[in-house]
Amino acid sequence: MLRIGEFDILPGEQRKIELPVAKLYTDADVSLPVHIIRAKKPGPTIFLSAAVHGDELNGIEIIRRLIHEKKLKITRGTVIAVPMVNVYGVVNQSRYMPDRRDLNRCFPGSAKGSLAGRVAHIFLNEIVKHCDYGIDLHTGA
């Protein structure tokens, strides 16, 4: 069984979850959108991520198209797609987190650190740790 946050994803299941991250200063919850596609047969697990820098938007659309592609059929293993790692940056149209930190420079992060450190910690421990391979999409300036 694959467990991400409080969610269990069974072999053969395709699911979108919202992985809680933190709250905005308005007390509104913020979560990472995570799409999981599991084959019935075991195999390697890969993550695809985008928007670690909130102003790099191309990867979001690439992942969106991929997960909605009807021809995408996996026969073994798992694909975990996170189209927006830096949700805060995307919402604010900024490269950085609200604490002015570059999320890309905050790994491995900390459960009790800065906002960027907490997001890095959650992404690393809830997504990356399950994976054999990863592709992080960035956009050129």
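Each reported figure results from applying straightforward, stated rules to the coordinates on display, with no laboratory input. A quick note: this is a predicted structure, and the numbers were derived from the prediction, not measured. Neighbour counts are summed over all protein chains in view; Cβ atoms, including those assigned to glycine, are modelled from backbone coordinates with ideal geometry.
Numbers below:
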{"read-out": "Kirkwood-type radius of the chain, with distances r between different C-alpha atoms, in Å", "value": "15.3"}
{"read-out": "Taking only Cα atoms of region 98-141, radius of gyration then Dmax in Å", "value": "11.4, 32"}
{"read-out": "Computed [θ] at 222 nm, helices only, for the chain once each DSSP H run of length n ≥ 4 contributes -39500 (n - 2.57)", "value": "-5500 deg cm²/dmol"}
{"read-out": "The chain, dipole about Cα centre (Lys/Arg Cβ +1, Asp/Glu Cβ -1), debye to the nearest 20", "value": "480"}
{"read-out": "Equivalent ellipsoid semi-axes - Cα gyration tensor, region 1-70, angstrom", "value": "24, 18, 9"}
{"read-out": "Percent antiparallel among DSSP beta bridges (both partners in the chain, rounded to 5)", "value": "60"}
{"read-out": "Segment Gln14-Lys112, length gained on full extension (0.36 nm per residue, minus Cα span)", "value": "32.1 nm"}
{"read-out": "Nearest-ten-degree value, helix 58-67 long axis tilted from longest Cα axis of the chain", "value": "30"}
{"read-out": "Dipole of the chain, positive end: most advanced residue of Tyr133, Leu103, Ile63 [Cβ charges, Cα centre]", "value": "Tyr133"}
{"read-out": "Net charge contributed by nearby residues that have their C-beta within less than 13 Å of Thr139 (K/R +1, D/E -1)", "value": "-3"}
{"read-out": "Signed unit charges on C-beta, dipole axis of the chain, positive-most listed residue Ile122, Ala81, Leu19", "value": "Ala81"}
{"read-out": "Overall Cα dimensions of region 62-141 - principal axes, largest extent first, Å", "value": "41, 27, 19"}
{"read-out": "Normalised contact order of the chain, rounded percent, pairs of Cα under 8 Å and 6 or more residues apart", "value": "25"}
{"read-out": "Relative contact order of region 21-101, pairs being alpha-carbon contacts under 8 Å that are 6 or more residues apart, as %", "value": "38"}
